[in-house]
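The values are calculated or read from the model by the stated rules, or taken from the named source; none is laboratory data. Note that this is a predicted model, so its numbers are computed, not measured. In this analysis, Cβ positions are derived from the backbone assuming ideal geometry, glycine residues included, and neighbour counts consider all displayed protein chains. Keep in mind that these areas ignore ligands, DNA and RNA; they rest on the heavy atoms of the full protein, side chains included. Shrake-Rupley method; radii C 1.70, N 1.55, O 1.52, S 1.80 Å.
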Amino acid sequence: MRGTRVEIRCAALTHNARRARALAESAQVFAMVKADGYGHGITLAADAMAGEVDGFGVAVLEEARALREHGVSAPILVAEGFFDRDELEQARELSLEVVVHSSWQVGLLLEHPGPLRIWLKLNTGMNRLGLRPDIALEAAGQLAAAGMKPMGVMSHFACADEASDGRSNTQLRLADEVADALDLPLSAANSAALIRYPNARAQRVRPGIMLYGSSPFDWQSAAELDLAVSHRFSARLIAINEVQPGDTVGYGATWTAPRPGRIGVVAAGYGDGYPRHAPSGTPAAVNGQPTILVGRVSMDMLTIDLNGIQADIGDEVELWGDHVDVDKVARACGTISYELFCQITGRPERVIV
């Protein structure tokens, strides 16, 4: 058996949801489980966190339907709302909460009024989705007059995870002003804001990445935030090669051995979801012993430095998990842990513990 596997830990998901609950204090906690539960499995994540949260957040209606068909009766928020009238009616049928972020959605609602749980999204400076505050106030009045008063106001922080964040306070002030003017609850805090800004918790928080054992901050590790590892990616050594000074390893000959040594070949590559652009020097571990990648990642294999490491064919190599911080791997690759979790393919064995 090849031995390439992804281990998903339900108890860790529960622990991390409990941590979010403690930070949120009196605010509602809606756990974001979009993108297949950040690669953990949407229904598995929902089941693991159900006892600790008030509801769930997804991106699109299909994800909400999967939760309902699984038997989830808790409130579900659809962050991108509906895309057409058919989805609008499905949202009503499934008793979903929908985010209304654009004037065309307001227009569709006014053309087809009916009971619906609406969160009005504000653009407070991210300039992605959301209505400008003045337009949002006007839309709220129109919807209320048609019998569809929004149940809350929401926004999204652009820089809450940045060390030099100078935008979140301004965004929060704008969102607070609209929520106060409409006398509605506010939801703005993602994982970073939930941890970092108590004044941003308001009436509902929407944690995502912290639930999956990853830190939203470059300067603070998941362990320091009391977050448990929920996703562990590992493979096996399938070959060990001796190299001499000047020998190169892998496609493109991008790494050259500086001295005699041993190179381990690991049964995982970008065909399994490990990033092809991971450079030499990206951390890994063999039997818990730290090491690094050398050479370019292939579709089915990658290579690691075994100098000074006791290792044999068949030994386990952790690509991230208990010994290798997924956030450090992500930084080495110039990306974030969200992408690493979500891009794992169906080829590695999936083990639920």
Some residue of region 244-257 being at pLDDT 95 or above, open to solvent by 80 Å² or more (accessible area, probe 1.4 Å) and in contact with a strand residue (DSSP E or B) (Cβ under 9 Å, 6 or more places away or on another chain): yes
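Rundown of residues vs (1) among the small types (Gly, Ala, Ser); (2) open to solvent by 10 Å² or more (accessible area, probe 1.4 Å); (3) touching a residue at least 40 places away in the same chain (Cβ under 8 Å), yes/no style:
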residue: ASN16; (1), (2), (3): no, no, yes
residue: ARG19; (1), (2), (3): no, yes, yes
residue: ALA22; (1), (2), (3): yes, yes, no
residue: PHE30; (1), (2), (3): no, no, yes
residue: LYS34; (1), (2), (3): no, yes, yes
residue: GLY39; (1), (2), (3): yes, yes, yes
residue: ILE42; (1), (2), (3): no, yes, no
residue: ALA45; (1), (2), (3): yes, no, yes
residue: ALA48; (1), (2), (3): yes, yes, no
Long-range neighbours under 6 Å by Cβ, at least six apart or interchain, first residue assigned to a strand (DSSP E or B) and modelled with pLDDT of 95 or more within region 276-298, second open to solvent by less than 40 Å² (accessible area, probe 1.4 Å) and among the hydroxyl-bearing types (Ser, Thr, Tyr): ALA284/THR291; LEU293/THR282
Residues located in region 258-268, provided they are assigned to a loop (DSSP other than H, G, I, E, B) and open to solvent by 10 Å² or more (accessible area, probe 1.4 Å): PRO258, ARG259, PRO260
Selection from region 195-239 of residues that are of a type outside the set (Val, Ile, Thr) and in a strand (DSSP E or B): ARG204, HIS231, ARG232, PHE233, SER234, ALA235, ARG236, LEU237, ALA239
Output for region 113-164, where each listed residue is touching a residue at least 40 places away in the same chain (Cβ under 8 Å), in contact with a strand residue (DSSP E or B) (Cβ under 9 Å, 6 or more places away or on another chain), assigned to a loop (DSSP other than H, G, I, E, B) and over 26 Å from GLN90 (Cβ atoms): THR124, PHE157, ALA160
Number of the exception - GLU69 against (1) in a loop (DSSP other than H, G, I, E, B); (2) over 20 Å from ARG204 (Cβ atoms); (3) without any contact (Cβ under 8 Å) to a residue 60 or more places away in the chain; (4) not polar (S, T, N, Q): (1)
Count of region 297-331 residues which are over 24 Å from CYS10 (Cβ atoms) and under 18 Å from the mean Cα position of the chain (by Cα): 2
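Name the single residue, out of those in region 165-192 being open to solvent by 60 Å² or more (accessible area, probe 1.4 Å) and not in a loop (DSSP other than H, G, I, E, B), that is farthest from HIS101 (Cα to Cα).
First, the residues of region 165-192 that are open to solvent by 60 Å² or more (accessible area, probe 1.4 Å): 166-167, 169-170, 173, 177, 180-181, 183.
Retained after the next criterion (residues that are not in a loop (DSSP other than H, G, I, E, B)): 169-170, 173, 177, 180-181.
On the way: ASN169: 21, THR170: 20, ARG173: 19, GLU177: 17, ASP180: 19, ALA181: 18 Å.
Step by step, filter region 165-192, then rank; the result is ASN169.
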Residue count for region 224-239, restricted to those that are surrounded by fewer than 23 Cβ atoms within 10 Å (Cβ to Cβ) and either in contact (Cβ under 8 Å) with a residue 12 or more places away in the chain or closer than 15 Å to ALA330 by Cβ (or both): 9
Selection from region 59-73 of residues that are within 16 Å of GLU93 (Cβ to Cβ) and under 17 Å from the mean Cα position of the chain (by Cα): VAL60, GLU63, ALA64
Selection count where residues are open to solvent by 20 Å² or more (accessible area, probe 1.4 Å) and among the β-branched types (Val, Ile, Thr), scope region 54-70: 1
Complete set of residues in region 72-112 that are open to solvent by 40 Å² or more (accessible area, probe 1.4 Å), assigned to a helix (DSSP H, G or I) and closer than 26 Å to ASN190 by Cβ: SER103, TRP104
